[in-house]
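Undergrad: Here it is, the structure in full.
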Amino acid sequence: SKKPPLDQMASVDELKSALKENLESRGVLQDIRASLRAEIYRSLEEPRPSGQQRPGLSNENLLINELIREYLEFNEYSNAASVLAAESGQPQARLSRSLLSRELNLREDPSCQGMPLLYSMLAYYMNRGVASGGRGVRFGQQQHDREEDGGDS
């Protein structure tokens, strides 16, 4: 095969570079890589005889995976979310936020409305330490140790 002249090779390399940069900046390459990873995980699963399905998720794993998926999607970690779904067998249909809250006996922290439920859980446990006189961090701002004035650390 005949090679193109040097000046055309430079323009082809520039075109490849510009195209790659454009696809990366729009997140297209990340999505393709995530899809490829998910397909690889699916293909590596043990082949099952026809009609046999993977064991179902326990209720606990279903809830945990849904909390993690909500967190990943909120933070725009779509690659990680797609791999989680592929590896875990999490159903495509999302569990409603109210169902998750009810199943976990969770009362949402008002400062975390519109955020993943994991943030409400984190705020609750971190603020609980503050309420009991221990160290703690309020969601979104630091809470300093109450014993700064000469107490033990």
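The values are calculated or read from the model by the stated rules, or taken from the named source; none is laboratory data. Just so it is clear, the model here is predicted, and its values are computed rather than measured. Cβ: placed from backbone, ideal geometry, glycine included. Neighbour counts: every protein chain shown. Protein only, heavy atoms only, side chains kept; ligands, DNA and RNA dropped before computing areas. Shrake-Rupley method; radii C 1.70, N 1.55, O 1.52, S 1.80 Å.
Undergrad: Within region 101-124, restricting attention to residues that are outside any helix (DSSP H, G or I) and under 14 Å from E66 (Cβ atoms), which residue is least open to solvent (accessible area, probe 1.4 Å)?
TA: Among them, the one singled out is P116.
Undergrad: Tell me which residues, restricted to region 19-76, are among the β-branched types (V, I, T) and at pLDDT below 90.
TA: Selection gives V28, I32, I40.
Undergrad: So which residues in region 77-95 are surrounded by 10 or more Cβ atoms within 10 Å (Cβ to Cβ) and in a loop (DSSP other than H, G, I, E, B)?
TA: Selection gives Y77, G89, Q90, P91, R94, L95.
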